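J.: Before I ask anything, let me first share the structure, which is written out below as structure tokens.
What follows draws every value from the coordinates through simple rules; no lab data is involved. Only a predicted model underlies this, so the values are computations on that prediction, with no experimental measurement involved. Cβ coordinates were reconstructed from backbone atoms using ideal geometry, including for glycine residues, and neighbour counts include every protein chain displayed.
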């Protein structure tokens, strides 16, 4: 569900209740700025959220080692 920030501000209790069942994306001036989700909502792993954005053949171990070396 996508809703603007003014609507959420005016009806916070309603959207708090809805967030326990589904994700509520809050927009400001037409741009998504926040996400309201229930505490018991199943959380997607970061890699699931990035599916289609990062290449399939990424070597996670090599990236981790490189990041540790650059500290």
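J.: So if R0 is 35 Å, what FRET efficiency would residue 69 and residue 27 give, r being the distance between their Cβ atoms, rounded to the nearest 0.05?
T.: Efficiency, rounded to the nearest 0.05: 0.30.
J.: Mind checking the full-extension length gain between residue 5 and residue 34? Use 0.36 nm per residue of separation minus the Cα-Cα distance, one decimal, nm.
T.: Stretched out fully, the residue 5 to residue 34 stretch lengthens by 9.5 nm.
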